[in-house]
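The values are calculated or read from the model by the stated rules, or taken from the named source; none is laboratory data. Note that this is a predicted model, so its numbers are computed, not measured. For neighbour counting, all protein chains shown are included, and Cβ atoms are generated from backbone atoms with ideal geometry for every residue, glycine included.
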């Protein structure tokens with residue numbers, strides 16, 4: 001089935017593409033987001049491929065979705081690769097350090113075993129103490145810690161990489177929820193009007209004046225500690241969903257006013273009267289005929305809502321009211337960097353640079369979308 005777009009939509013898309021700054025920012029940010037989905041095979045302390053005694057294993061792919069859904073994830077220990085004791089003489093019955101394993105096999109010239117590591121062989125949670133890398137180490141290409149390590153010995157570049165994926169997915173989910181809630185209530189209020197509109201408007205005004213930051217602080221404080229029942233990754237996902245619901249619940253009201261006003265104008269159009277004459281019900285008129293025309297006027301808010309979500313979740317993480325401690329997030333990276341801003345300025349500067357670049361690109365996209373979808377240039381009733 002071939003997708004056919006309205007000629008007017010094609011003109012808008014052509015106009016968007018002609019705005020180079022916004023278009024290439026959209027392409028660059030989209031590529032970066034797609035690449036981040038394959039982060040487990042690009043930035044990871046687990047090996048891509050391990051050959052041991054003629055048998056192959058692929059540890060990193062066990063963390064990569066959708067492979068993780070059907071690949072059984074098991075903890076590979078040093079004993080699984082013939083290392084009975086670690087360098088301290090202790091039984092090597094815990095998770096193997098693949099970088100250490102790689103060095104051991106490379107030093108053994110007669111060994112046919114090998115380890116293939118990802119492009120950046122460090123994860124967002126582990127440290128590299130076994131290689132002699134210390135906490136708060138400086139950027140070093142030899143150890144492949146290109147932005148150094150934080151106060152826990154974790155690789156900064158790896159945490160920034162995974163932080164980008166977390167913040168972008170969070171921002172996109174937040175934007176979707178805000179637009180769904182704002183469009184639904186705005187359309188209902190604007191289309192039916194009367195007492196429903198008056199009561200709805202009063203409720204929206206009251207809800208909009210509830211102090212958002214205080215509510216987040218209160219709700220985050222009452223969330224129980226889930227670390228004993230779930231893994232670290234599962235705790236991050238659960239806390240992210242809770243934070244997303246809280247933020248979306250207090251952020252949709254602003255969009256409602258614009259949707260309501262647009263719906264008021266749209267329901268007075270002739271095509272709505274024609275639809276009623278033809279027997280269309282209120283639901284069909286509202287969601288099939290009115291809503292598409294309303295969305296065309298509010299789509300320009302989309303990129304700026306994404307930017308707001310990125311800034312908000314980063315600020316909450318910085319204040320320690322966002323995602324759980326240890327999450328690879330830009331806000332937590334800034335908080336760590338603030339402690340060592342004089343001695344280790346690259347920690348906070350790398351996080352600030354990441355936020356600046358992404359927000360700048362989102363802003364360029366927003367300007368291009370606003371210019372391309374400007375209703376003054378492209379009327380839906382020509």
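Against the list (1) modelled with pLDDT under 85; (2) part of a helix (DSSP H, G or I); (3) over 19 Å from residue 201 (Cβ atoms), the condition residue 280 fails is (2). Count of region 78-92 residues, restricted to those that are in a loop (DSSP other than H, G, I, E, B), touching a residue at least 12 places away in the same chain (Cβ under 8 Å) and surrounded by 15 or more Cβ atoms within 10 Å (Cβ to Cβ), is 2.
When you scan region 260-268, do you find a residue that is under 19 Å from residue 177 (Cα atoms) and in contact (Cβ under 8 Å) with a residue 12 or more places away in the chain, even just one? So far as region 260-268 goes, yes, one or more of its residues are under 19 Å from residue 177 (Cα atoms) and in contact (Cβ under 8 Å) with a residue 12 or more places away in the chain. Taking the criterion of being in contact with a helix residue (DSSP H, G or I) (Cβ under 8 Å, 6 or more places away or on another chain) and either modelled with pLDDT of 80 or more or in the same structural domain as residue 161 (by TED's automatic domain parsing) (or both), the residues of region 66-83 that qualify are 76, 78, 81, 83. Restricting to helices (runs of 4 or more DSSP H) lying wholly in region 176-257: which have 2 or more residues that are under 30 Å from residue 293 (Cα atoms) and modelled with pLDDT of 90 or more? The qualifying helices (runs of 4 or more DSSP H) are 194-208, 232-249.
For region 29-50, enumerate the residues that are touching a strand residue (DSSP E or B) at 6+ places or on another chain (Cβ under 6 Å) and either at pLDDT below 90 or surrounded by fewer than 16 Cβ atoms within 10 Å (Cβ to Cβ) (or both).
Start the filter on region 29-50 by keeping residues that are touching a strand residue (DSSP E or B) at 6+ places or on another chain (Cβ under 6 Å), which leaves 43, 47-50.
Of everything in region 29-50, just one residue is touching a strand residue (DSSP E or B) at 6+ places or on another chain (Cβ under 6 Å) and either at pLDDT below 90 or surrounded by fewer than 16 Cβ atoms within 10 Å (Cβ to Cβ) (or both), namely 49.
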